[in-house]
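The values are calculated or read from the model by the stated rules, or taken from the named source; none is laboratory data. Remember, it's a predicted structure, so these values are computed and weren't measured experimentally. Positions of Cβ are generated from backbone atoms using ideal geometry, with glycine treated the same way; all protein chains shown enter the neighbour counts.
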Amino acid sequence: MKVLVVEDDATARRVLNRLITSSFGADVAEASNGMEALVYLEQDIPDLIVTDVSMPVMDGFGLLQAVRASQTHADVPVVAVSATTERAAVTRLIALGIAEYLLKPLDLAATTTRLSRVIADIRSKPRPLRRRELAAGGRPRLLLVEPDPNFRELFKGLLASTYDVIDAPSGPKGLSLASEQLPAVVCLSEGLGLLNERLLAGHLRQLATPPEAVYLLHAEDQPRHSEGFDGFVRKSFVPEVLAERWAAVTVGNDLAKAIEDAIAALGGEVTTATMQTFGVMTQQEVARLPDTDAAVPAEVGMAVRFVATDGTLELTVAIHGPKADGEKLAGAILGETMGWEAGGNDAFGALVETLAGRIRSSFDARSIKLAQEPVLAMLPGGVGPAGFQAGFTTPTGERFGVVVSLPRKVA
């Protein structure tokens, strides 16, 4: 296992190096700033990056942005190390997809525990499968094989916010990229030549890690091939028309049903995102309660409303709990005891806003476009019928609940 440690303080760098090599038996490479790290990353892909946030030349934010924008490094787990507990900085790091957050000065026991979880997760997954995980912002990788450069640019621009798009002009090049990049979705155009779209689809299915879906892009009213594809999208050079056709195939015409299906599949992602968000922002190890204890009292809470881009449907993501517990959790975030109305609600608002952003990315990855509205206080009556509901607890016993409501028509 390879770990890249990026830290401008030589003493801290040595401490991390010794801890990682002695506790986890990993090979450690070092860099003193983000720019040196990028030079290393041009030559190799580590299994994990542990980086300080405040560094000269290029800081941790710049390094994270470069890693997440890279086709070859976007899915490498990153652990951030910083002395700051500033809410805006922590929220920004979470949005960039960090796997863990270590607070300086480092407590060796706590650092070992937190790194153990990250490294255990890395080692539990074969490397090819890890290459398939979502990039920053929850974007899965999509491969477009299309000879027409103009249509390639149109299609890439249309899906760039939802997918990490890579493209190829021919069947052989497309198969080579698919073998290297392991895209989750592949779109093949009709008329690819010698290694045509039908043959290429067959080869893609035989890869050790095949794509989850292979779609055919066709120019005529009906596609030439009717078998071997998960869906058919008729081409158009009008962006709005192409977007509608793509959504009709990948999402389906029943948006409410698509949202409900997505919520049903989001349980593990919401649980992981909740544990990470609270862990990073409160520096506490939260755990999910058994389903029998999921109904945590909703004395106080904050919520974020999602609205479908066509304006017809809405749903809500909320975090709630007993008032006393909410105030204690807010104190852990803010570093001082604070009543709910005196600022505790704002701390909870930052939590739900960050969590909602992660959940929205999961919807985006399923081609469901939702607009995220500002944080608001959760109404006493709750958020409506729940599509997802779970309770969580801290080591000191504070409880809170997370709810993602089912979609409902906009009044």
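Points to keep in mind about this one:
- Complete set of residues in region 184-213 that are in a loop (DSSP other than H, G, I, E, B) and within 17 Å of K235 (Cα to Cα): E190, G191, L192
- In region 214-239, residue nearest to the chain's Cα centre (by Cα) [restricted to those that are among the hydroxyl-bearing types (S, T, Y) and assigned to a loop (DSSP other than H, G, I, E, B)]: S236
- Complete set of residues in region 327-362 that are over 26 Å from the mean Cα position of the chain (by Cα), not aliphatic (A, V, I, L, M) and not in a loop (DSSP other than H, G, I, E, B): E327, K328, G331, W340, E341, G343, G344
- If you go through region 137-171 and pick out every residue that is surrounded by 19 or more Cβ atoms within 10 Å (Cβ to Cβ), closer than 23 Å to G97 by Cα and of a type in the set (D, E, K, R), you end up with 3.
- Some residue of region 172-191 being on the phi < 0 side of the Ramachandran plot, in contact with a helix residue (DSSP H, G or I) (Cβ under 8 Å, 6 or more places away or on another chain), modelled with pLDDT under 90 and surrounded by fewer than 21 Cβ atoms within 10 Å (Cβ to Cβ): no
- Within region 260-274, being surrounded by fewer than 17 Cβ atoms within 10 Å (Cβ to Cβ) and either over 21 Å from F306 (Cβ atoms) or not β-branched (V, I, T) (or both) holds for E260, D261, A264, A265, G267, G268.
- Each residue in region 11-23 was checked for being surrounded by fewer than 18 Cβ atoms within 10 Å (Cβ to Cβ) and either among the basic types (K, R) or touching a strand residue (DSSP E or B) at 6+ places or on another chain (Cβ under 9 Å) (or both), and 4 of them qualify.
- Filtering A330, A318 for residues that are closer than 18 Å to M378 by Cβ and either among the acidic types (D, E) or free of Cβ contacts under 8 Å to residues at least 40 places away in the same chain (or both) leaves a single hit, A330.
- Tally, over region 54-75, of residues that are surrounded by fewer than 23 Cβ atoms within 10 Å (Cβ to Cβ) and either of a type in the set (V, I, T) or part of a strand (DSSP E or B) (or both): 2
- Residue match in region 274-284 (condition: closer than 30 Å to S176 by Cβ, touching a residue at least 24 places away in the same chain (Cβ under 8 Å) and part of a loop (DSSP other than H, G, I, E, B)): no
- Filtering region 221-248 to residues that are crowded, with 18+ Cβ neighbours inside 10 Å and hydrophobic (A, V, I, L, M, F, W, C) leaves F229, V233, L242, W246, A247.
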